[in-house]
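Engineer: Sharing a structure, written as structure tokens. Questions coming.
The values are calculated or read from the model by the stated rules, or taken from the named source; none is laboratory data. The shown structure was predicted, so the numbers you read here are calculated from the model rather than taken from an experiment. A quick note on method: Cβ atoms are made from the backbone with ideal geometry, for glycine too, and the neighbour counts reach across all protein chains shown.
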């Protein structure tokens, strides 16, 4: 009897091992990454990419509802890295704008608008 | 015995069937365009000195993904890892670009500060030159017997600049008037207050009239030199405020004077 119980436990254990689980950690990380990207700098300097990322997040929800966990996991991981990318791109766009402003200041003795902001 | 066989079969089946064991160690690395381009990009990244300097963390993470990709035998997962690797490489490149731009911005800010300092230096030099001019001018004022009083800068046109007993200015006064006019031109915000005095010989009304005529004479000369009439105020004081007792000829002459104040 004990052995039977042991066997059943093993079966369920291995079934659990073989099946795809809900990638909770990846989903949670993706959600956090999206929240970090949803800031004023990204909204100003990379609005279109933020919009695309939000669309991806909706797609992630859809995949989870359809129990397509492996695809959901991949997408969640993609959202995480894309989130970092758009934050970086926004930062670069902001820096480029600042540089242009400073170059104008040097070339034309223009008022440094950045300083006033 | 029966249980042992059953156990061996079940365990064996699931160990072999477990998803984590699906990929045989001997299976070669799957290949796709995504995978080969990711590997190519990673190899370039490893050689990029800028990335290694400015984005070491991102490059390290790319290395970890590359290791996972190398050991991944499942094509779908390998493709996904290749996609992540390419994104991570892009992140490393952007981080490098961000750092380089930050350096450039810092350099520009330094240049602006240097330029501002140069401009301040130039302003300071201009102020110094102006100060030197003012000092020279003040030296000129000293020659005119000018003094600084609480009321303003005071010039005195003495009795010796007028014809004896008259309000008519002598030709020698022109030099003095000219210098006062120069001073006024360099201080356009200031006005002139002319206070004229006489000695106490004669009646009070005569002395008042005498001092008024001398004050008007000076005012007329200033106007002739281009000083706006609105900048000139006259006060005839007669025999008031003698600077010395009117007991001797020299003293009376000293008391017959026109004081010109340049005031705010």
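Engineer: Taking the criterion of being crowded, with 16+ Cβ neighbours inside 10 Å and part of a helix (DSSP H, G or I), would at least one residue in region B:148-161 satisfy it?
Structural biologist: Checking region B:148-161: at least one residue is crowded, with 16+ Cβ neighbours inside 10 Å and part of a helix (DSSP H, G or I).
Engineer: Kindly provide the set of residues from region B:98-117 that are more than 7 Å from chain A (Cβ to nearest Cβ), under 15 Å from the mean Cα position of the chain (by Cα) and modelled with pLDDT of 90 or more, ordered by number.
Structural biologist: Within region B:98-117, B:110, B:113, B:114, B:117 meet the criteria.
Engineer: Of B:57, B:95, which residue is within 23 Å of residue A:30 (Cα to Cα), at the interface with chain A (Cβ under 9 Å from one of its Cβ atoms) and touching a helix residue (DSSP H, G or I) at 6+ places or on another chain (Cβ under 9 Å)?
Structural biologist: After ruling out the rest, the residue left standing is B:95.
Engineer: Moving on to the next point. In this structure, is residue B:77 crowded, with 16+ Cβ neighbours inside 10 Å, part of a helix (DSSP H, G or I), modelled with pLDDT under 95 and within 10 Å of chain A (Cβ to nearest Cβ)?
Structural biologist: yes
Engineer: Can you tell me which residue among A:18, A:76 is surrounded by 13 or more Cβ atoms within 10 Å (Cβ to Cβ) and modelled with pLDDT under 95?
Structural biologist: A:18
Engineer: Are there any helices (runs of 4 or more DSSP H) wholly within region B:172-264 with 1 or more residues that are within 18 Å of residue B:156 (Cβ to Cβ), over 48 Å from the mean Cα position of the chain (by Cα) and free of Cβ contacts under 8 Å to residues at least 60 places away in the same chain, and if so which?
Structural biologist: Ranges flagged: B:204-224, B:249-255.
Engineer: Being closer than 23 Å to residue B:103 by Cβ, touching a helix residue (DSSP H, G or I) at 6+ places or on another chain (Cβ under 9 Å) and surrounded by fewer than 18 Cβ atoms within 10 Å (Cβ to Cβ) narrows it down to one of A:52, A:31, A:97, A:88, so name that one.
Structural biologist: On inspection, the qualifying residue turns out to be A:97.
Engineer: Continuing with the same structure: If you go through region B:28-44 one residue at a time, do you hit one that is more than 10 Å from chain A (Cβ to nearest Cβ), closer than 20 Å to residue A:96 by Cβ and surrounded by 11 or more Cβ atoms within 10 Å (Cβ to Cβ)?
Structural biologist: no
Each row is one residue, and each column tells you yes or no for (1) crowded, with 19+ Cβ neighbours inside 10 Å; (2) more than 20 Å from residue B:250 (Cα to Cα); (3) in the same structural domain as residue B:166 (by TED's automatic domain parsing).
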| site | (1), (2), (3) |
| --- | --- |
| B:194 | yes, yes, yes |
| B:200 | no, no, yes |
| B:213 | no, yes, yes |
| B:216 | no, yes, yes |
| B:223 | no, yes, yes |
| B:234 | no, yes, yes |
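Engineer: Being surrounded by fewer than 18 Cβ atoms within 10 Å (Cβ to Cβ) and part of a helix (DSSP H, G or I) is the filter here; which residues of region B:45-57 pass it?
Structural biologist: B:46, B:47, B:49, B:50, B:52, B:53, B:56, B:57
Engineer: Something else now. Here is a check on your reading of the model: is residue A:5 at pLDDT below 90, in a helix (DSSP H, G or I) and within 11 Å of chain B (Cβ to nearest Cβ)?
Structural biologist: So residue A:5 fails the test.
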